[in-house]
Amino acid sequence: MKVTKAEIVISAVSKKQYPSDLIPEIALAGRSNVGKSSFINKMINRKSLARTSSKPGKTQTLNFYKINDVFHFVDVPGYGYAKVSKTEREAWGKMLEEYFVERDNLSAAALVVDLRHKPTADDITMYNFLKHYELPIIVIATKLDKIAKNKRESHVQQTRKTLGLAPEDIVVPFSSETGEGKDKAWKAIEQFI
Ligand code: GTP
Ligand code: MG
């Protein structure tokens, strides 16, 4: 997709704030600091429409970005950040569950994992949660630029195996630094919008 228009619609914390415009939505999911917001920026050719940070916990709300007036990317706060209180973690869980379970126009989830490392227990839990609600899942394995070319395939296999993906499940090796994987990611997303 050639992106000609991208704008923030709203930063929401609860259902009543979600956009009333029921165009398809692609929501990001993944560990804090894995590169969800960076993924959105790279896909839409914008340096910092979605705010990123080298410190985990940057995205705190559900941020709806309207792309070409045809779909929303929904940036989501990450999980697995140790320095949050129990109360905060519960509020986060409630906010995400409400969105992923109840949003009718949610078309697919882009589960972002770090290709350098084995997916974590939280990644596996998130994958199973999304599967349970029968959401199509596109696995984006990011930080590809940090892995030597001859090691990439074994990292992809490790990701597949650890998450327990079916052969037909798509994994897109991706780099927000170099843009590698961008065409494949768009192809995967375009099926759902
Ligand atoms: P939260 O909002 O805290 O959940 O984090 P996030 O998943 O949105 O991560 P964010 O996009 O803010 O990126 C975190 C850090 O990782 C930033 O310093 C990015 O520059 C870096 N980063 C993201 N993607 C890549 C990538 O593909 N390659 C490299 N080398 N760095 C990346
Ligand atoms: Mg973020």
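Rounded is the label for the chain, because a/c, from the alpha-carbon gyration tensor with a ≥ b ≥ c as root eigenvalues, stays below 1.5.
In terms of packing, defined here as the mean over residues of other Cβ atoms within 10 angstrom, the peptides 63-70, 74-81 line up highest first as 74-81, 63-70. Here's the picture: charge each Lys and Arg Cβ at +1 and each Asp and Glu Cβ at -1 in segment 6-190, and of G30, P56, A109 the one pushed furthest to the positive end of that dipole is P56.
Under the convention that each Lys and Arg Cβ holds +1 and each Asp and Glu Cβ holds -1, the size of the dipole of the chain around its Cα centre is about 840 debye. Taken about its Cα centre, segment 13-54 carries a charge dipole of about 200 debye when Lys and Arg each add +1 at the Cβ and Asp and Glu each add -1 at the Cβ.
Near the amide H of T59, within less than 5 Å, lie the amide hydrogens of G78, all on another chain or at least 5 residues away, with H placed in the peptide plane.
Counting alpha carbon pairs within less than 8 Å and at least 6 residues apart, what relative contact order, in whole percent, applies to the chain?
On the way: 340 pairs, mean separation 45.7, N = 193.
Computed value for the chain: 24 percent relative contact order.
Restriction of the GluC sites (Glu not before Pro) in segment 98-193 to DSSP coil positions whose beta-carbon has at most 12 other beta-carbons within 10 angstrom yields E134, E168.
Which of K118/K187; K83/K143; K66/K161 have a Cα-Cα distance over 30 Å? Could the numbers behind the result be given before it?
Details: K118/K187 25 Å; K83/K143 23 Å; K66/K161 34 Å.
From K118/K187; K83/K143; K66/K161, over 30 Å: K66/K161.
Roughly speaking, what is the stretch gain from F129 to D145, that is 0.36 nm per residue apart minus the C-alpha to C-alpha distance, in nm to one decimal?
Result for the pair: 2.9 nm of gain on full extension.
Taking a ≥ b ≥ c as the square roots of the eigenvalues of the Cα gyration tensor, segment 1-105 is oblate, since a/c reaches 1.5 or more and a/b is not larger than b/c. Less than 5 angstrom separates the built amide H of A12 from those of L62, N63, F64, all sequence-distant by 5 or more or on a different chain.
Only the coordinates and a few stated rules stand behind these numbers; no lab work does. The structure displayed is predicted, hence computed values, not measured ones. A quick note on method: Cβ atoms are made from the backbone with ideal geometry, for glycine too, and the neighbour counts reach across all protein chains shown.
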